[in-house]
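One structure is given below, encoded as structure tokens.
The values are calculated or read from the model by the stated rules, or taken from the named source; none is laboratory data. These numbers were taken from a predicted model, which means no experiment stands behind them. Cβ sites come from the backbone with ideal geometry, for glycine too, and all protein chains shown count toward neighbours. Keep in mind that these areas ignore ligands, DNA and RNA; they rest on the heavy atoms of the full protein, side chains included. Shrake-Rupley method; radii C 1.70, N 1.55, O 1.52, S 1.80 Å.
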Amino acid sequence: MRGAELDTREEALVAVAREAGELAARLFSQPQSIKMKGKQDFVTAADGEVERMIVARLKTQFPNDAFLGEEEGVKGRGDAIWVIDPIDGTANFANRIPHFCVSIAFMSAGELALGAISAPMYGEIYRARLGKGAFLNDRAMRVAEKPDIRRAIVELGWSSRRPVRAYTQMVERVLATGATFQRAGSGALGLAYVADGRTHGYCELHINSWDTLAGLLMVREAGGWTNDFLAGEALQRGNAVLACAPGLKEALVAATGVGQANADEQLKRRMS
Ligand code: LIP
């Protein structure tokens, strides 16, 4: 999808991301009704309310588009699909920690074309369009240029869907490179920070598409490197993700093991 069709979707995306962020901020200030989907897997009433609002707004404008949301699953069919995480960083939201966001991506014919992340407690809206750059509010974003790994911050997301030992071994290997690590609980914001050059890498051994796609496009459009997250059935089943400043790719692929196949493939192509 190109041109005017994508223009209208980009305009609608930024508007609904802003409105969803404002709704999430209002709900954040109210007492939370919290359920658990599993260990450390929170869901609040706000997750459902924000997702339903986003789908209703976009379906009115684009009735033939499909939707994949964290809370309400798949709605509709077709190759134009919106991928929605209504509250990314739900554990933070449920515990009154303001580090959360709304993350929405748009794919057309299997291509990741648009992404927006609204972090309402910080007054920040991140957005990206394939081939048109990545922006924080009205400022263009670029990943960190030539980062020194001994000064680098790498966020390592943790998911209960992978063994704890795999996570702790990854932490040890990343620390051994000279970088430091953090884990802040929102994969979308973690990826947006890489795109904005505030951190230098984001890795998670299993993360869902709705947490990831908007931020992934932002990193790519801000000059960063990412693994081929969408390989296979990642849209429905999730995948491992590594996104970083290009200067750290070799070190972080080696330390995390994520993207090795891509790196091998790219090396083969370069050598052929
Ligand atoms: C979160 C992700 C984060 C992951 C958390 C959680 P949610 O998404 O953004 O990367 O480490 O475990 O899955 O559940 O807050 O939308």
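Quick look at the numbers
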read-out: Where the chain is the region considered: accessible area per residue in Å², 1.4 Å probe; value: 45 Å²
read-out: Ordering of 236-246, 133-143, 42-52 by burial proxy (mean other Cβ atoms within 10 Å per residue, highest first); value: 236-246, 42-52, 133-143
read-out: Segment LYS75-ALA4, extension gain: residue separation times 0.36 nm, minus the distance between their alpha carbons; value: 23.1 nm
read-out: Length released on extending from ALA184 to LYS146, taking residue separation times 0.36 nm less the Cα-Cα span; value: 11.3 nm
read-out: Cβ crowding within 10 Å averaged over residues, with 110-118, 63-71 ranked highest first; value: 110-118, 63-71
read-out: Diffusion constant of the chain at 25 °C, which comes from Stokes-Einstein with the Kirkwood Cα-pair radius and 0.890 mPa s, µm²/s; value: 132 µm²/s
read-out: Bins of 10 Å, starting at 0 and running to the largest distance - Cα pair percent for region 149-271; value: 14, 50, 32, 3
read-out: Length released on extending from ALA166 to LYS35, taking residue separation times 0.36 nm less the Cα-Cα span; value: 44.4 nm
read-out: Whether region 11-82 is rounded, prolate or oblate, judged on the alpha carbon gyration tensor where a/c under 1.5 counts as rounded; value: oblate
read-out: Size of charge dipole - region 22-92 - debye, nearest 20, with Cβ of Lys, Arg +1 and Asp, Glu -1, no other charges; value: 180 debye
read-out: Region 149-271, accessible surface, carbon-and-sulfur percent (1.4 angstrom probe); value: 51 percent
read-out: Hz values of 3J(HN,Hα) by residue in region 161-175 - Karplus curve (6.51, -1.76, 1.60), Gly and Pro given as x; value: 7, 10, x, 4, 4, 5, 5, 5, 5, 5, 4, 4, 5, 5, 4
read-out: Region 3-140, accessible surface, carbon-and-sulfur percent (1.4 angstrom probe); value: 50 percent
read-out: Region 3-140: proportion of alpha-carbon pairs further apart than 17 angstrom, %; value: 57 percent
read-out: Antiparallel bridge percentage (DSSP; both residues within region 149-271; nearest 5); value: 50 percent
read-out: Computed FRET value (nearest 0.05) for GLU19 with ARG96, which takes r as the C-beta separation and R₀ as 25 Å; value: 0.65
